[in-house]
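Quick note: the coordinates plus some simple rules give every number you see, no bench work behind them. On a predicted model such as this, the values are computed, not experimentally measured, just so you know. All Cβ positions, even for glycine, are placed from backbone atoms using ideal geometry, and neighbour counts span all protein chains on display.
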Amino acid sequence: MTFLKKMLFTAGVFAVATVLIASPVLAKNHIHLNGQLLAGSWEEKSGIQISPIYLDSPDPSLNFLSLDEATKSGAIEVTETGSVNELVVENQGRKPILLLAGEVVSGGKQDRMVGKDMILGPGKTRKINVFCVEHGRWTPSAEKERFKSSSMMAEKSVRQTAQAKAGASENQSAVWKNVADSIEHYKVAAPTQNYQEIKKSEKFKDSETVARYFISAFYKDDAIAGFAVAYNGEVQSLEYFANPAMASKYKDKLIRSYVASAFKDLDESKPLGLDEVKDFANETLSKETHQYQTDDELVIESRSDNLESFELATPKLKTVHYARYVSEGPRETIKGNQYRPGND
């Protein structure tokens, strides 16, 4: 039984992957979180803790271009549709492209953010759910109506809010509110309410110094598949990919996102141990579970009262990317395709 199938039955309890290769050696101060995941020692700076996450059985068969890679190679074209919450993406290359919720694209009539994790197959053209992160502009940029990757991952509140209900357009008002809050917290002038303007603030530059510390700390570890993040006295998120090669494409932008999220509202707190990560990873998300499927991917959303998770899998039920967060706030009960045991 694959990880995804077992996760559907337990709504959030991880299982062993099906591809068996040599497991990483359990180093000192590393702990098993469950049959699939290990957590490495915390790195800590400025009240932020980040633990590397490893897989017992990575799946090396999954290989995608990242949005940044596809932009640089010219493999992807992103264009306007005339709708705020929709763009057209075309894969002009020979490899599938992975787009992650929270990735920001610049250009068009206003900057946008990808609304949910998705896979864009070779030669395919799709309309995708996106969110405006530049409220005050609706005029073509220098690139006219085309976009390129900004190499920026939105911080937790913006990214997480967008993902609910498979990136439904009804989340736009909440995304705008979170963007406005970020601009206010970072104390930066943003005439068009462009989320990316926060990078110009002194506070963001301070966060970049801390982010570089973590990037350096994990730079040489090529076995990392993801990260757990803690600040303000609790684990805030746990995120990982199907294999370390895939994770390496997102390491830097994710770490910057984690640190920027913490800097928005950072309080003094006592450091956590790795047992807190284990508890966080294994809490059952049993309040609701929904699945959203296309020809290219399956997205699973699960929730409890205080946690929510988003999992991206292939049509063959191989997990590509998994993210679990502390809830940003109460969510409405989602009307969707709720999975029940026996439906597969």
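Things worth noting here:
- As a proxy for reagent exposure, 295, 56, 221 were ordered by neighbouring Cβ count within 10 angstrom, fewest first; the result is 295, 221, 56.
- 25 Å Cα-Cα threshold exceeded, pairs from 156/270; 109/264; 127/205; 124/287; 203/253; 95/278: 109/264; 127/205; 124/287; 95/278
- Listed from fewest to most Cβ neighbours within 10 Å, the set 203, 253 follows the order 203, 253.
- Ordering 278, 127 by the number of other Cβ atoms within 10 Å of each residue's own Cβ, fewest first, gives 127, 278.
- Centroid-to-centroid separation of segment 186-259 and segment 91-126 [C-alpha atoms, Å]: 20 Å
- q = 0.12 Å⁻¹: log10 I(q)/I(0) that the Debye formula gives for segment 201-272, counting C-alpha atoms only: -0.33
- Computed over the chain with a Gaussian network model linking Cα atoms closer than 10 Å, the most mobile of 100, 254, 266 is 266.
- Remark on segment 65-204: Rg and Dmax equal 14.2, 43 Å (Cα only).
- Three-way shape call for segment 237-276 based on the alpha-carbon gyration tensor, with the a/c threshold at 1.5: oblate
- Each part gets one Cα centre, and for segment 31-87 versus segment 273-293 those centres are 18 Å apart.
- Springs join every pair of Cα atoms under 10 Å in this Gaussian network model of the chain, and among 78, 88, 277 the largest mean-square fluctuation is at 88.
- Cα-based shape type of segment 117-276, given that a ≥ b ≥ c are square roots of the gyration tensor eigenvalues and the cut on a/c is 1.5: oblate
- Ranked by how many other beta carbons lie within 10 Å on average, peptides 211-220, 310-319 from highest: 310-319, 211-220
- Among the GluC sites (Glu not before Pro) within segment 218-268, those in coil by DSSP and having at most 11 neighbouring Cβ atoms inside 10 Å are 268.
- The reciprocal of the average 1/r between distinct C-alpha atoms defines the Kirkwood hydrodynamic radius, which for the chain equals 20.2 Å.
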